[in-house]
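Asks: Below is a structure I'd like to ask you about.
The values are calculated or read from the model by the stated rules, or taken from the named source; none is laboratory data. Because the structure is predicted, anything quoted here is derived from the model rather than measured. When we count neighbours, we look across all protein chains shown, and the Cβ atoms used for this are built from the backbone with ideal geometry, even at glycine.
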Amino acid sequence: MDSRSDCCLQEGAAEDERDAAGARFELVLINPYELGRQPFALAEAAAWLKQDGFEVRCIDLSLQQLEAKTLASARLVAIYVGMHTATRIAAEALARIRALAPRAHLCVYGLYAPMNQELLRSLGVKTILGGECEPGLLSLARRLRAGESGEAQSEPVVHLAKIDFLTPDRSGLPGLERYAHLILPDGGRKKLGFIEASRGCKHLCRHCPVVPVYQGKFRVVPLPVVMADIAQQVEAGAAHISFGDPDFFNGSTHAMKVVAAMHASYPMLSFDATIKIQHLIAHAGLLPALKAAGCLFITAAVESVDDQVLRYLAKNHTRADFEHALQLCRDAGIDMAPTFVPFTPWSSLEGYLELLRSLLHLKLVEAVPPIQLCIRLLVPAGSWLLQLPDFRELLAPFDAKMLGYPWRHADPRVDALQQSLQALVAQGDQRGLARSEVFGQMWQLAHEALGLAPPPLARADFGEPMPHLSEPWYCCAEPTEQQLQSF
Ligand code: SF4
């Protein structure tokens, strides 16, 4: 050992002593990606940790890069994985994070952490936290600050007990102007605020990543905390609020209190939320009040227009329910942005064409981002789809790189179409093509796959452009190469 490395060891030991004495304990929270929204999960964790005296820094990899100056002295790095894309980026970034933060204990938290814990631990992660993560994160930070090694995780991997939410601390995150924004049909833009008024979900859709962790439970963020978070984002310039709750109407009474209070305080604020078809029908009477409070559009996870596929996914709605809910929204003056998982092992070329025809028939082409029309069913570890009889036989062994069980369709033309459509959407993004232009090309490809001549499209069948976010909603699209290299 040379004298230089001996000296470094002595310095490191001195730092460890200072850290153990609580003199300095740096903590870094990292968000790989969250659909271009300023992440609640970092801001809430930061509030919990700062309240306990920790020095917290935040890095949002969708806008910032990993830097030695931020990470070198970190003792705890906690990476938030709220969606599949974020987990893929985190898995790629972990080696670099380990190199830049050699003294840090690595934690991964969020919805996708528990189901990927085996892989994440193999990449050097010591602590995995899912569900209501903040108490676990605080407990871990305290143990490390007190000098524990943290090698053995004592915090529960999934914690679902109710917690005392704090007003999220957004001060360490990039400004709202750097995140996604709302685009209006006339081309106007509004700065976007991102709020979570609840977490988890009381439903059990088989393909949904919320289910293996929350198992039918949801937790409400108290009204005063939601209002304080809205207030700070309005202060930062937000003119539209996007509610990121898995389903805004899991607690419809709470949701209506939130929108009533928000509208009373900020009557000029508009908003959007995600609400399932079943809830839109059951709570149709609330839709006019949502509209009156500023609701511009509702995202609804329709997933399929094939009732058999909907049964496999346990969506608890039918195609007829979807059309009924769409009409209820339109009657209330609210746009619907349906989302889909068009490619499943049970899909067919004819079924795909039927989906495109339905969008024309329902005048929804302008309401659906093209990426929604090429999403392929993701089967992550722990998915409740694995409980379907015979489903495992459709799958290849778990693929650690894609973080899921790969599957091939029995009809290779279906997989070939999905790949062609995905390439088309990527090209459309690069060239800045309008949704209707990309749809026209998809229409052609889908017909060609069946050896059919595509009938001409009428512009009038596309529907009207609607307000939408500059980054489309999806939870399971493949990350781009650019995202995987961005850190
Ligand atoms: S898909 Fe939506 S409604 Fe179904 S379990 Fe997931 S969050 Fe809940």
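Asks: Determine which single condition Tyr179 fails, assuming it passes every other condition in (1) touching a Lys or Arg at 6+ places or on another chain (Cβ under 9 Å); (2) of a type outside the set (Lys, Arg); (3) over 28 Å from Asp335 (Cα atoms).
Replies: Status for Tyr179: all satisfied but (3).
Asks: Can you find even one residue in the stretch 239-252 that is hydroxyl-bearing (Ser, Thr, Tyr), in contact with a strand residue (DSSP E or B) (Cβ under 7 Å, 6 or more places away or on another chain) and either within 16 Å of the ligand (Cβ to nearest atom) or modelled with pLDDT of 95 or more (or both)?
Replies: yes
Asks: Follow-up question, since we're still on this one. Cβ-Cβ below 6 Å, separation at least six or inter-chain, first residue in the stretch 291-303 and farther than 17 Å from Pro185 by Cα, second within 13 Å of the ligand (Cβ to nearest atom) and of a type in the set (S, T, N, Q): which pairs?
Replies: Ala301/Thr339
Asks: Another question about this same structure. Identify, please: which residue in the stretch 184-240 is among the basic types (Lys, Arg) and in contact with an Asp or Glu (Cβ under 9 Å, 6 or more places away or on another chain) and is, among those, surrounded by the most Cβ atoms within 10 Å (Cβ to Cβ)? Outline the logic, then answer.
Replies: First, the residues of the stretch 184-240 that are among the basic types (Lys, Arg): 189-191, 199, 202, 206, 217, 219.
Then keep just the ones that are in contact with an Asp or Glu (Cβ under 9 Å, 6 or more places away or on another chain); that gives 191, 199, 202, 219.
Working: Lys191: 18, Arg199: 28, Lys202: 16, Arg219: 17.
Across the stretch 184-240, the extreme among qualifying residues is Arg199.
Asks: Report yes if some residue within the stretch 225-237 is in a helix (DSSP H, G or I), touching a residue at least 24 places away in the same chain (Cβ under 8 Å), within 16 Å of the ligand (Cβ to nearest atom) and farther than 17 Å from Glu134 by Cβ; otherwise report no.
Replies: Checking the stretch 225-237: not a single residue is in a helix (DSSP H, G or I), touching a residue at least 24 places away in the same chain (Cβ under 8 Å), within 16 Å of the ligand (Cβ to nearest atom) and farther than 17 Å from Glu134 by Cβ.
Asks: State yes or no: is Arg413 farther than 19 Å from Cys208 by Cβ, basic (Lys, Arg) and over 26 Å from the mean Cα position of the chain (by Cα)?
Replies: yes
Asks: If you don't mind, another one. Scan the stretch 54-68 and give yes if some residue there is in a helix (DSSP H, G or I) and either closer than 22 Å to Gly382 by Cβ or outside the structural domain of Leu378 (by TED's automatic domain parsing) (or both), otherwise no.
Replies: Scanning the stretch 54-68, I find at least one residue that is in a helix (DSSP H, G or I) and either closer than 22 Å to Gly382 by Cβ or outside the structural domain of Leu378 (by TED's automatic domain parsing) (or both), so the answer is yes.
Asks: While we're here: Which residue, of Ala45, Ala99, is modelled with pLDDT of 95 or more, surrounded by fewer than 16 Cβ atoms within 10 Å (Cβ to Cβ) and assigned by TED's automatic domain parsing to the domain that holds Cys133?
Replies: Going through Ala45, Ala99 in turn, just one is modelled with pLDDT of 95 or more, surrounded by fewer than 16 Cβ atoms within 10 Å (Cβ to Cβ) and assigned by TED's automatic domain parsing to the domain that holds Cys133: Ala99.
Asks: Scan Gln387, Gln372 and give me the residue that is surrounded by 18 or more Cβ atoms within 10 Å (Cβ to Cβ), touching a residue at least 60 places away in the same chain (Cβ under 8 Å) and not assigned by TED's automatic domain parsing to the domain that holds Gln215.
Replies: Step by step, each of Gln387, Gln372 is checked, and only Gln372 is surrounded by 18 or more Cβ atoms within 10 Å (Cβ to Cβ), touching a residue at least 60 places away in the same chain (Cβ under 8 Å) and not assigned by TED's automatic domain parsing to the domain that holds Gln215.
Asks: Restricting the search to the stretch 253-274, which residues are touching a Leu at 6+ places or on another chain (Cβ under 9 Å), closer than 16 Å to Ser198 by Cβ and either in a loop (DSSP other than H, G, I, E, B) or away from the ligand (no atom under 16 Å from the Cβ) (or both)?
Replies: Met256, Lys257, Val258, Val259, Ala261, Met262, Phe271, listed by residue number.
Asks: Only one of (1) at pLDDT 90 or above; (2) under 24 Å from Leu377 (Cα atoms) is not met by Pro456, so which one is it?
Replies: Exception for Pro456: condition (2).
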